[in-house]
Amino acid sequence: MVSRTNPMYMIGGLVVGSLVLEGMYYAWKWMRHKSTCNCGKNKTSVQLELETFHHILFFPDQKIPCRAHFSGPDGCHNKSCRYTHEETSLSRLMAYLRSARQSLDVCVFIITCHDLADTVIAMHQKGVVVRVITDCEQIDATGSQIGKLRREGIQVRQDKSSYFMHHKFVVIDDKVLINGSFNWTRQAVTGNNENVQITNNSSTVKPYCEEFQKLWNLFNPAGYPVHITKD
C-alpha cells in the first residue's frame, strides 16, 4: 500500500491538481471570450439587437472608404491604396446595410452610388429579401444602378406619376430605420451637406414599414392600366 506521505503520491496529486486548475482557467477564459465577442457578430449587428439607439451621420465625407478594407473577406493589402481605411459616414452607412439578416426595404429617389448598390446586391446574394422603390424619372438617369439591381434579380418598383417619389429611407429587418436628406449618389457622399438618422425605436420605425408596404402595393405594375392603341 502506498503511503499518502510518499513523495511520488504527493507529486502526482500536485500534477493532477494543477491540470484541473488549468482546465478551469481555460474554460473560464473561453466563456469570457464568448460573452464579449457575441459569437462572432460585429458590433453593429449586436447593437441593433440589444439596445435602443439613435445615431446621426453627416455628409460630405472627405474621402471614399476602401471597400476591401471594410467588407472584403481578407481586408485590403494594397499598401498604396488610394481609398481611406478610416471610418467615414459612408462606411458606417454600409455597415448598417450589411447588418440585415432577413429583409432590406430601400425607398430612395435615385441610386447612382456604386458602393451602396453593390452592398445591396451583396445582401441579396446572401439570401436577404431586398425590395427597392425609386422614382420613375431617375431610373434612366446617368449612372443609375437600377438596371444593375434588376439584372441581379432584385425586385424594383417605381411610381408612375409626374410628381416625385422623393423619399430617402431604408428599413432593415422591419426593426431599424435609416432616414434623412441623403440621396444614394456620389455627389451626396462627397459633395453635398446631408444628414442621415439611424434608429431602432419601434414607434419611429413602424410608420415607415407601413409607408413602404403601402407604396409597394401602390406601385405594383400588375395594377397599372394597359393602354391599347389602334393601328
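The values are calculated or read from the model by the stated rules, or taken from the named source; none is laboratory data. Keep in mind the model is a prediction, meaning the values are calculated, not measured. No Cβ is skipped: glycine too gets one built from the backbone with ideal geometry, and neighbour counts run over all protein chains shown. Note: accessible area is taken over every heavy atom of the protein model, side chains too, but ligands, DNA and RNA are not part of it. Shrake-Rupley method; radii C 1.70, N 1.55, O 1.52, S 1.80 Å.
Assorted remarks:
- Test: GLN125 is open to solvent by 70 Å² or more (accessible area, probe 1.4 Å) and within 25 Å of GLN158 (Cβ to Cβ): yes
- Residue tally, condition within 20 Å of GLN213 (Cβ to Cβ) and assigned to a loop (DSSP other than H, G, I, E, B), over the stretch 118-136: 2
- Matching residues, the stretch 69-109, being modelled with pLDDT of 95 or more, part of a loop (DSSP other than H, G, I, E, B) and open to solvent by 20 Å² or more (accessible area, probe 1.4 Å): ARG101, GLN102, PHE109
- Residues that are in a helix (DSSP H, G or I) and exposed (fewer than 12 other Cβ atoms within 10 Å of the Cβ), drawn from the stretch 53-68: none
- Residues that are more than 14 Å from LEU57 (Cβ to Cβ), under 19 Å from the mean Cα position of the chain (by Cα) and either surrounded by 16 or more Cβ atoms within 10 Å (Cβ to Cβ) or in contact (Cβ under 8 Å) with a residue 60 or more places away in the chain (or both) within the stretch 184-218 comprise THR185, ARG186, ASN200, ASN201, VAL205, TYR208, CYS209, PHE212, listed in sequence order.
- Count of residues meeting criterion [in a strand (DSSP E or B) and buried (at least 19 other Cβ atoms within 10 Å of the Cβ)] in the stretch 137-179: 10
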